[in-house]
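One structure is given below, encoded as structure tokens.
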Amino acid sequence: MHFTRDHEWVRLDGDIATVGITKHAADQLGDVVFVETPEAGKTFGKGDSFAVVESVKAASDVYAPVSGEVVEGNAALSSAPETVNADPEGEGWFAKIKVSDAGQIDDLMDRAAYDAFLATL
């Protein structure tokens, strides 16, 4: 698993990246009440806003940690947005993206580096 400074995570399986927000981000948001995930077929560049998550505290954009084409959005989140709080780095994933440049993964942090980054916040 890899992480961004914006608190997204990526799990790569072949050329498909599953993407979501980290436990830290979910905890900061508080109770998630709405999630808008991208539709299959949409393409995004690294750093583009590709989803929206709303909580009782705020609405936030979620940024694509890698470039590619969405192969699946997590439709289950529309009826159960609380899954993002319950399991942010598992069943609370936002989208699966066919990665167009696997080298972009190398720019992301591993768990140890992300934990060290969190300690600076």
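The values are calculated or read from the model by the stated rules, or taken from the named source; none is laboratory data. Owing to the predicted nature of the structure, the values given are computational and were not obtained by experimental measurement. When we count neighbours, we look across all protein chains shown, and the Cβ atoms used for this are built from the backbone with ideal geometry, even at glycine.
Quick look at the numbers
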quantity	calculated
In segment 7-17, the residues that are touching a residue at least 24 places away in the same chain (Cβ under 8 Å) and more than 16 Å from ASP110 (Cβ to Cβ)	ASP15, ILE16
Residues (among the aliphatic types (A, V, I, L, M), closer than 12 Å to ILE16 by Cβ and out of contact with any Phe, Trp or Tyr (no Cβ under 9 Å at 6 or more places or on another chain)) located in segment 66-104	VAL71, VAL99, ALA102
ASP115 vs. criteria over 24 Å from LEU29 (Cβ atoms) and over 15 Å from the mean Cα position of the chain (by Cα)	no
Candidate set from segment 1-42 (those that are of a type in the set (S, T, N, Q) and within 21 Å of THR120 (Cα to Cα)); member that is farthest from the chain's Cα centre (by Cα)	GLN28
Of all residues making up segment 13-41, the number that are closer than 14 Å to GLU72 by Cα and crowded, with 16+ Cβ neighbours inside 10 Å	7
Given (1) in contact with a strand residue (DSSP E or B) (Cβ under 7 Å, 6 or more places away or on another chain); (2) at pLDDT below 95, index of the condition PRO65 fails	(2)
Selection from segment 22-56 of residues that are more than 28 Å from SER100 (Cα to Cα) and touching a helix residue (DSSP H, G or I) at 6+ places or on another chain (Cβ under 6 Å)	VAL32, SER55
Cross-chain or 6+ apart pairs with Cβ under 6 Å, segment 34-52 first and part of a loop (DSSP other than H, G, I, E, B), then hydroxyl-bearing (Ser, Thr, Tyr)	GLY45/SER67; LYS46/SER67; GLY47/TYR63
Counted residues, segment 68-103 - those being without any contact (Cβ under 8 Å) to a residue 60 or more places away in the chain, assigned to a helix (DSSP H, G or I), touching a strand residue (DSSP E or B) at 6+ places or on another chain (Cβ under 9 Å) and surrounded by 14 or more Cβ atoms within 10 Å (Cβ to Cβ)	3
Failed item in (1) at pLDDT 95 or above; (2) within 18 Å of HIS24 (Cβ to Cβ), with ALA75 passing the rest	(2)
Failed item in (1) among the charged types (D, E, K, R); (2) surrounded by 14 or more Cβ atoms within 10 Å (Cβ to Cβ); (3) farther than 18 Å from HIS2 by Cα, with LYS46 passing the rest	(3)
